[in-house]
Amino acid sequence: MPDASADLLGPCGPVDEPTLEAVDAAVARVLGDGAALGDGQREAVLGALVDDCLAVLPPAAGKTAVYAVTGLVLGGPTVVVSPTLSLHRDQVAHLVDAGVRAEVLNSTVAARDDVLARFRDGAIEVLVTSPEQLAREDVLDALAAGAPTLLAVDEAHCVCDWGPDFRPDYLGLALARRRLGRPRVLALTATASIPARGEILELLGVPDACVVVRDPDRPHIHLTAHLVHEEEAKWERVTGEVVGLEGAGIVYVTTRRHTTLVCDRLREAGVAAEAYDGGMTARDRGRVQDAFMDGEIRVVVATSAFGMGIDKPDVRWVVHGDTPTSIDAYHQEIGRAGRDGRPAQAVLFHRPQDLVRPKLFASGRDPGKGALTTVLAAVCRHPDGVAQDELAGPAGVSKAGLSRAIPGLVALGAVRRLPGRLLAPGDVVDCDDFSELAEHAAALVARRREREQSKVELVRRYAEATGCRRRTLLEALGESRDEPCGFCDHCDAGHPGDPGNRAGAENGDPVPGEAVRHGEWGQGTVTTVAEESVVVLFDEGGYRTLSLPVVREKQLLAPA
């Protein structure tokens, strides 16, 4: 007879019987009588009811239900941070249909004061908003008065994309949480490698949170990569590939110029295609997305701005015309294909020269401790705000270099952004002694640059793999695989490769996901292991590729 007490042990600790009953009642309210949480959903809910939690769940796993149920059981209002207006609209529609009192707060909402007042008064159970809204003092004050018990961060991988040009207000979420009274954190995403998980939790201010992970494999997506060396030849092959594919699909490229280039070529070839990038107006982006979802156009050629919240079940393929700059981004993007569970294709065109484009790595040096000490001193002298561009000269750094460093200061709570590119002192800076904070910020920015560069090398490893491609991809995401998948280009060709004898503790070999220590580079996490090499992401030194025979002979990696 099953042990009923086993049901009380959740992924992050024990859950008592009254809480389990409350979960069942909340599930019935959100999903309907007789409904049950699916694979991963229940574990994520039980985890978040015990501790701060990061849940890495497959696409279409029902993340809205996860935070809705969690929030109802915790008993107070929930604030949901979500990246796009379309997601805001869709999530609130689902919640309202389920009878949950939900509202949106974003730049399109006219009755802002009314929404904030109703949240403060307890009339709203779930408020879906953006990181930019949580950077506003008036919004934080109003939401704090409503005493939220849950802060849910949807598409949490966006936290790892911080920088001067991509949604810098994601870095303010740890500060926003403190201002909101430290509600429970529930971060949700479909893709996060082991290094990305740590970075997400660190930047959200909950480094010791529980992590719930479901197998990231998407075995029905066939994986292929083509190596090309000439840019013109690459675009010809991308066009020819798309023309030959059936059904709806997405072509991902890295620049706005490439969206136009590929879209024009596809149209000339008779393919109904539209371009999509983050620089388009909200109306134009909405028009393209709606046409794709409704089946009016077959192909969207897009930058990474397209995709979050795109839950179109019949996308049959995803083609990458440019090599993405991280495994996490690639896995996230190919996951938009085959959401109906039917076979789909992911095709990558890899031109090695693209990975050394100057735009991938900003030129110029990063500000060090001394420069950031000067910046913080200037900010402290202007409590009402000082223009960011005025700080670069006195600090002895370029404006571009300062722009790369400011996100680090924001992430640590040393500065906060004000409208008009103004900077003001943050909530943790001590204006009498900020040298230690400046040192931490400089280290964070330097580590960020090194990790971004080393992420590219891991993508290169996948694109240029000689064995089972799925095995390489999954190991980069922290999932060990010894058997070839049988559903990628190398397996098709009869070249699955040999992962080697990787019995881990049995013979001392490292295994993907294992925490290790190196005499020179310190602590790290094994990401992939091949026949002759092992890739480790070191906490301070980024990704390093080591010879596996040398690691064995000299015992270079010890369990951490």
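The values are calculated or read from the model by the stated rules, or taken from the named source; none is laboratory data. These numbers were taken from a predicted model, which means no experiment stands behind them. FYI the Cβ positions are ideal-geometry reconstructions off the backbone, even for glycines, and counts take in every protein chain you see.
Checking the stated criteria, Pro343 turns out to be closer than 21 Å to Arg470 by Cβ and surrounded by fewer than 20 Cβ atoms within 10 Å (Cβ to Cβ). When the test is whether a residue is hydrophobic (A, V, I, L, M, F, W, C) and in a helix (DSSP H, G or I), Leu188 does not pass it.
Which of the residues belonging to segment 6-54 are touching a strand residue (DSSP E or B) at 6+ places or on another chain (Cβ under 6 Å) and not β-branched (Val, Ile, Thr)?
Leu8, Pro11, Cys12, Glu43, Ala44, Leu46, Gly47, Ala48, Asp51, Asp52, Cys53, Leu54
Out of Val92, Val100, one residue alone is assigned by TED's automatic domain parsing to the domain that holds Thr191, over 19 Å from Gly205 (Cβ atoms), touching an Asp or Glu at 6+ places or on another chain (Cβ under 6 Å) and surrounded by fewer than 24 Cβ atoms within 10 Å (Cβ to Cβ). It is Val100. Can you tell me which residue in segment 481-508 is farthest from Arg342 (Cα to Cα), limited to those that are at pLDDT 65 or above and assigned to a helix (DSSP H, G or I)? Across segment 481-508, the extreme among qualifying residues is His490.
The selection criterion, being within 16 Å of the chain's Cα centre (by Cα), more than 25 Å from Asp311 (Cα to Cα) and buried (at least 23 other Cβ atoms within 10 Å of the Cβ), holds for Leu201.
Checking segment 450-458 against the condition returns a match, with at least one residue being aliphatic (A, V, I, L, M), under 30 Å from His229 (Cβ atoms) and touching a residue at least 24 places away in the same chain (Cβ under 8 Å).
Considering only residues of segment 34-46 that are assigned to a helix (DSSP H, G or I) and in contact with a helix residue (DSSP H, G or I) (Cβ under 9 Å, 6 or more places away or on another chain), which is surrounded by the fewest Cβ atoms within 10 Å (Cβ to Cβ)?
Arg42
Exactly one residue out of Leu223, Leu186 is within 23 Å of the chain's Cα centre (by Cα), at pLDDT 95 or above, buried (at least 18 other Cβ atoms within 10 Å of the Cβ) and more than 23 Å from Phe306 (Cβ to Cβ), and it is Leu186. Taken residue by residue, segment 109-125 has no member that is of a type in the set (A, V, I, L, M), in contact (Cβ under 8 Å) with a residue 60 or more places away in the chain, farther than 27 Å from Ala196 by Cα and out of contact with any helix residue (DSSP H, G or I) (no Cβ under 8 Å at 6 or more places or on another chain). Among the residues of segment 22-45, which ones are under 16 Å from Leu188 (Cα atoms) and either charged (D, E, K, R) or not assigned by TED's automatic domain parsing to the domain that holds Val100 (or both)? Selection gives Asp39, Arg42, Glu43. Contact annotation: residue pairs with Cβ atoms under 8 Å, 6 or more positions apart or on different chains, pairing a residue in segment 215-243 that is under 22 Å from Pro343 (Cα atoms) and free of Cβ contacts under 8 Å to residues at least 40 places away in the same chain with a partner that is among the basic types (Lys, Arg) and assigned to a helix (DSSP H, G or I), are Thr239/Arg265. One residue stands out among those in segment 56-83 that are of a type in the set (S, T, N, Q) and not in a helix (DSSP H, G or I): the one that is farthest from Cys210 (Cα to Cα), which is Ser82. For segment 439-449, the count of residues that are at pLDDT 80 or above, surrounded by 19 or more Cβ atoms within 10 Å (Cβ to Cβ) and either touching a Cys at 6+ places or on another chain (Cβ under 6 Å) or not in a helix (DSSP H, G or I) (or both) is zero.
Being under 24 Å from Leu204 (Cα atoms) and part of a loop (DSSP other than H, G, I, E, B) holds for only one residue in Asp366, Asp432, and it is Asp366.
Per the conditions (1) within 26 Å of the chain's Cα centre (by Cα); (2) over 22 Å from Gly47 (Cα atoms); (3) of a type outside the set (A, V, I, L, M), the sole criterion not satisfied by Asp114 is (1).
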